[in-house]
Amino acid sequence: MDTEITLQFLSEPTDINYGGNVHGGMVMKWIDQAAYACASQWCQSYCVTVYVGGIRFYEPIHIGFIVKTHAYIIYTGSTSMHIAVDVYSKNVKDAEFVKNTHCIVVFVAVDADSKPIPVRAFAPTTERQIALRNYAVKLMELRKGVEEEMKQFT
Ligand SMILES: CC(C)(COP(=O)(O)OP(=O)(O)OC[C@H]1O[C@@H](n2cnc3c(N)ncnc32)[C@H](O)[C@@H]1OP(=O)(O)O)[C@@H](O)C(=O)NCCC(=O)NCCS
C-alpha cells in the first residue's frame with residue numbers, strides 16, 4: 001500500500017548516547033526519514049517537514065537491537081500530509097518488538113521554488129484509518145491552542 005512504509009535496520013555503536021543507549025536525536029532522525037519516505041511516496045514530489053509533535057520516548061533503544069519504523073498517512077489537507085510514525089525495537093534474540101515511541105510529522109509538498117503544491121487526497125476506508133483520520137483532526141484543533149500559547153515566545 002502506498003499509504004504506509006516500514007523500515008527495519010540494526011542500531012549501531014555510532015548511534016550511542018552518554019548513557020549507553022541510542023541517542024534521542026538519532027531516533028528523531030529515523031522518524032523524519034521514515035515519515036519523509038512515506039510522504040514523498042504519497043505525493044510523488046519533494047516535500048518538507050513543517051511540524052513534528054508528540055514525541056514521547058517510552059523505552060530506551062539498546063545498541064545492536066533491530067529497529068522498526070512504521071510510517072503511515074493519517075490525514076491529507078490541500079498541500080500537507082500528516083504522517084504517524086511508530087518506532088519499535090527488539091533484541092535479535094526476542095520474538096516480539098517493544099514500542100519505543102509514537103509521534104506525528106506533517107509534511108508539505110513543494111515545487112522547485114519551495115512553494116506548497118497540491119497533494120492527492122487520502123480517503124480512509126478501514127475502521128482504523130477512519131479513527132486515525134479523526135485523531136489527526138482532533139490533534140490539529142488541540143495544536144491551535146498550543147500554538148496560541150507558544151506565540152509569546154516565538
Ligand atoms: C512548509 C512551508 C513550505 C509552508 O509554507 P507556507 O507559505 O507557510 O504555506 P501555507 O501557509 O500555505 O501552509 C502550507 C501547509 O502547511 C500547513 N501548516 C502550516 N503550519 C503548520 C503547522 N504548524 N502544523 C501543521 N501544518 C502546518 C498548512 O496547514 C498547509 O496545509 P494544507 O494546505 O494542507 O492546509 C514553509 O513554511 C517552509 O519552507 N518551512 C521550512 C521547511 C523546512 O525547512 N523543514 C525542515 C527541513 S525539511
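Would you confirm, using the coordinates I've provided, whether Y46 is within 14 Å of the ligand (Cβ to nearest atom), over 13 Å from the mean Cα position of the chain (by Cα) and touching a residue at least 12 places away in the same chain (Cβ under 8 Å)?
Working: within 14 Å of the ligand (Cβ to nearest atom): yes; over 13 Å from the mean Cα position of the chain (by Cα): yes; touching a residue at least 12 places away in the same chain (Cβ under 8 Å): yes.
Judged against the criteria, Y46 is a match.
Could you check how many residues of the range 91-129 are within 15 Å of the ligand (Cβ to nearest atom), of a type in the set (D, E) and closer than 30 Å to G64 by Cβ?
The qualifying residues number 0.
Any residue in the range 112-133 that's among the polar types (S, T, N, Q): show its pairings with residues that are within 16 Å of the ligand (Cβ to nearest atom) at Cβ separation under 8 Å, as long as the two are six or more apart or on different chains.
Sorted first by the residue in the range 112-133, then by its partner, the pairs are S114/V48; Q129/I74.
Does E12 qualify as being over 14 Å from the mean Cα position of the chain (by Cα), within 30 Å of I130 (Cβ to Cβ), open to solvent by 70 Å² or more (accessible area, probe 1.4 Å) and acidic (D, E)?
On the way: over 14 Å from the mean Cα position of the chain (by Cα): yes; within 30 Å of I130 (Cβ to Cβ): no; open to solvent by 70 Å² or more (accessible area, probe 1.4 Å): yes; acidic (D, E): yes.
In short, no.
Only one of I31, I5 is modelled with pLDDT of 95 or more, surrounded by 12 or more Cβ atoms within 10 Å (Cβ to Cβ) and touching a helix residue (DSSP H, G or I) at 6+ places or on another chain (Cβ under 6 Å). Can you tell me which?
On the way: I31 fails: touching a helix residue (DSSP H, G or I) at 6+ places or on another chain (Cβ under 6 Å).
Matching residue, one of I31, I5: I5.
Just to be sure I understand, how many residues within the range 3-27 are touching a residue at least 40 places away in the same chain (Cβ under 8 Å) and either part of a loop (DSSP other than H, G, I, E, B) or under 23 Å from I73 (Cα atoms) (or both)?
Going through the range 3-27 one residue at a time, the tally reaches 12.
Taking K151 and the conditions (1) in a strand (DSSP E or B); (2) more than 23 Å from M26 (Cβ to Cβ); (3) within 12 Å of the ligand (Cβ to nearest atom), which numbered condition does it fall short on, given that it satisfies the others?
Result: K151 passes all but (1).
Criterion first (within 14 Å of the chain's Cα centre (by Cα), modelled with pLDDT under 95 and over 20 Å from P124 (Cα atoms)) does G53 satisfy it?
Details: within 14 Å of the chain's Cα centre (by Cα): yes; modelled with pLDDT under 95: yes; over 20 Å from P124 (Cα atoms): yes.
Against the criterion (within 14 Å of the chain's Cα centre (by Cα), modelled with pLDDT under 95 and over 20 Å from P124 (Cα atoms)), G53 qualifies.
Can I83 be described as more than 14 Å from the chain's Cα centre (by Cα) and within 19 Å of Q33 (Cα to Cα)? First the steps, then the outcome.
Values: more than 14 Å from the chain's Cα centre (by Cα): no; within 19 Å of Q33 (Cα to Cα): yes.
So I83 does not fit the description; no.
The values are calculated or read from the model by the stated rules, or taken from the named source; none is laboratory data. Everything numeric in this text was worked out from a predicted model, so none of it was measured. When we count neighbours, we look across all protein chains shown, and the Cβ atoms used for this are built from the backbone with ideal geometry, even at glycine. The protein model used for the area step is the full one, side chains on, heavy atoms only, and it has no ligands, DNA or RNA in it. Shrake-Rupley method; radii C 1.70, N 1.55, O 1.52, S 1.80 Å.
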